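Report on the following structure.
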Amino acid sequence: MASGIDATAGQRRPDDTPQRVVGSDGTGALVVVPTFNERDNLPVIVERLQAALPGAHVLVVDDSSPDGTGDVADELARADEAGRVHVMHRVDKDGLGKAYLAGFAWGLGRDYPVIVEMDADGSHAPEQLHRLFDELNDGADLVIGSRYVPGGKLVNWPKRREILSRGANTYARLALGASVHDITAGFRAYRRIVLEKIALDTVESAGYCFQIDLAWRTVRAGFDVREVPITFTEREIGVSKMSGGVMSEAFTMVARWGIQSRLERWGLVGTR
């Protein structure tokens, strides 16, 4: 039985017809994995994903990694006789958000009922995707793997990063009036109807803020958003792509959305 925390209690799905959308082996799901300089991590995470969910498909979206990650991805795709590993090569490195949007468009164009976000560095455990899928099959529209609900854990994460992350989540929740505990999380599963309805072509955020943007759009659209606890493990290989510019973008855009939301609620401007 599903036991996720409902971040949108009292709201109903726009179509109001919960249905099973993903199989116990991951059939029906496309896992989008953006990469930039992850050649050592990628084979490990793909192997773990295939072992945990042999029916799921994976799309590696590589932004012309200079370390040859794209070539590694191509090798993984060629070696996959079932044809469940796919690769998208992008010319420019223009942000995590743009990579995900490209992956979403690819998946929507091929009629996957469920589309997943997951990091390539091992921070997100493919073995925990079952928790997200259980909630989708119970009627949720977006399920977030949360570090900050009861049962969520952080392993080997630098204290400075944890403080920044918790602070960013608190700031976003207060600014937006959202009840999502881990609105910056990048381990999440969407029903395709969500991505079809939240106007992805108007998304401007590119980096860290992208996760807040999509979760906020989903909440505002009235979809059923839930969180399940996960264990988040700091990468063992490579370095984080987080930067000061990415954090600045998040701070500024969240403030703008919060002001816009209040003006709409007070009837001073129209809804976007």
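Quick test for you: out of 168, 206, 172, 140, pick the one residue that is of a type in the set (A, V, I, L, M), in a loop (DSSP other than H, G, I, E, B) and touching a helix residue (DSSP H, G or I) at 6+ places or on another chain (Cβ under 7 Å).
After ruling out the rest, the residue left standing is 206.
Quickly run through the stretch 213-222 and pick out the residues that are assigned to a helix (DSSP H, G or I) and over 11 Å from residue 186 (Cβ atoms).
Listed by number, the residues that qualify are 213, 216, 217, 218, 219, 220.
Among the residues of the stretch 51-75, how many are among the hydroxyl-bearing types (Ser, Thr, Tyr) and touching a helix residue (DSSP H, G or I) at 6+ places or on another chain (Cβ under 8 Å)?
2
With a cut-off of at least 1 residues that are polar (S, T, N, Q), name the strands (runs of 3 or more DSSP E) lying wholly within the stretch 18-136.
29-35
With (1) over 17 Å from the mean Cα position of the chain (by Cα); (2) without any contact (Cβ under 8 Å) to a residue 40 or more places away in the chain; (3) crowded, with 17+ Cβ neighbours inside 10 Å as the list, and residue 162 as the residue in question, which single condition is left unmet?
Status for residue 162: all satisfied but (3).
Restricted to the stretch 34-61, and to residues that are within 21 Å of residue 22 (Cβ to Cβ) and among the charged types (D, E, K, R), which residue is surrounded by the most Cβ atoms within 10 Å (Cβ to Cβ)?
Filtering the stretch 34-61 for residues that are within 21 Å of residue 22 (Cβ to Cβ) and among the charged types (D, E, K, R), the one surrounded by the most Cβ atoms within 10 Å (Cβ to Cβ) comes out as 48.
Given 69, 27, which one is buried (at least 20 other Cβ atoms within 10 Å of the Cβ) and among the polar types (S, T, N, Q)?
Residue meeting the stated conditions: 69.
Since every read-out is calculated from the coordinates, none of them should be taken as a lab result. This is a predicted model, so every value here is computed, not measured. As a convention, Cβ positions derive from the backbone with ideal geometry for all residues, glycine included, and neighbour counts pool all protein chains shown.
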